[in-house]
Structures are given as C-alpha cells and as structure tokens.
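So the structure is just underneath, and the comments pick up after that.
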Amino acid sequence: GEGEGEGEGEGEEMKLDDVMDDEELVDELLTPFDGAALFSLICTLNHSCSPNVFIDYGIPFGPVEARVVALRDIKKGEELCFSYLSKKLPLKERRHELLDYGFTCVCQLCTEEASKEEQQE
C-alpha cells in the first residue's frame, strides 16, 4: 500500500510555515542574504564608481519599495548607473570588490584613476 517501506516523515512535503519555524533551516537556505527583492527596472541598471543615481529602498521593515533618485542633473539619453559598492574605496579595492560581480570596472572614474597610476609608475 501507500507509504510502505518509507520511514516516518520520509516523502512528506514540508509546508512553508514548517520551514520558516525551523531557524537552522532558514539560516542555511537564506545565508548570506539579509533580504532580497526583485525590481525589474533597478536590476537592469549598471554600476559606476561615480554614479548618477542611487537606490532608496525606503524605511527598514516598511513596505518593500524602491526609488531611483538622481544624484545630479542627467542628460537626455545618458545611462542611469548606481554604485554596487556601499562606500568610497581606492581603485584597487573597488576593482577587487567588483570581481564578485564578474567584471572589472571601466567607468570614467576608474579609467582616470588607472591612467594616473600608470603615469606615476
């Protein structure tokens, strides 16, 4: 019959409430995420170390919403870019941090700083 040869609990589906009540399982599944959301416009924006916009995710524990806010005047047709990094870092450190995203930044700021470093060598 049904369930023969199965140990107790095997083959049973867990309900979301059961998973969320299991702190160890939640930590294992969600680590290292502090939170996640999908914003269809924001996820298409590229990185720049000298961004023209920043992303305002609103208040913590409030409704999940985000706004793209201009940091300066933006010319018609100019690409909107925000910084994937949370703080100002020297060129070498920025490039190292951005390796996690799978690219070497060649924004205007990085290009200028790299050129200055090459001239100093």
Problem set entry | Answer from Gly7, Gly35, Gly58 - the residue that is at pLDDT below 95, surrounded by fewer than 10 Cβ atoms within 10 Å (Cβ to Cβ), farther than 26 Å from Arg95 by Cα and not β-branched (Val, Ile, Thr) | Gly7
Exercise. Of all residues in segment 86-121, how many are in contact with a strand residue (DSSP E or B) (Cβ under 9 Å, 6 or more places away or on another chain) and part of a helix (DSSP H, G or I)?
Worked result: 2
For this session: Tell me which residues, restricted to segment 85-99, are open to solvent by 60 Å² or more (accessible area, probe 1.4 Å) and either of a type outside the set (Gly, Ala, Ser) or over 25 Å from Tyr57 (Cα atoms) (or both).
Result: Lys87, Lys88, Pro90, Lys92, Glu93, Arg95, His96, Glu97, Leu99
Exercise. In segment 61-71, is there at least one residue being assigned to a loop (DSSP other than H, G, I, E, B), modelled with pLDDT of 95 or more and farther than 27 Å from Glu117 by Cα?
Worked result: yes
Problem set entry | Filter result (touching a residue at least 12 places away in the same chain (Cβ under 8 Å) and over 20 Å from Glu78 (Cβ atoms)) within segment 104-121 | Glu113, Ala114, Glu117
Problem set entry | Single residue of segment 100-121 satisfying the filter (among the aliphatic types (A, V, I, L, M) and open to solvent by less than 100 Å² (accessible area, probe 1.4 Å)) that is farthest from Val53 (Cα to Cα) | Ala114
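The values are calculated or read from the model by the stated rules, or taken from the named source; none is laboratory data. Here the structure is a predicted model, which means the values were calculated and not measured. Note that each Cβ is placed from the backbone with ideal geometry, even for glycine, and that neighbours are counted across all protein chains shown. The protein model used for the area step is the full one, side chains on, heavy atoms only, and it has no ligands, DNA or RNA in it. Shrake-Rupley method; radii C 1.70, N 1.55, O 1.52, S 1.80 Å.
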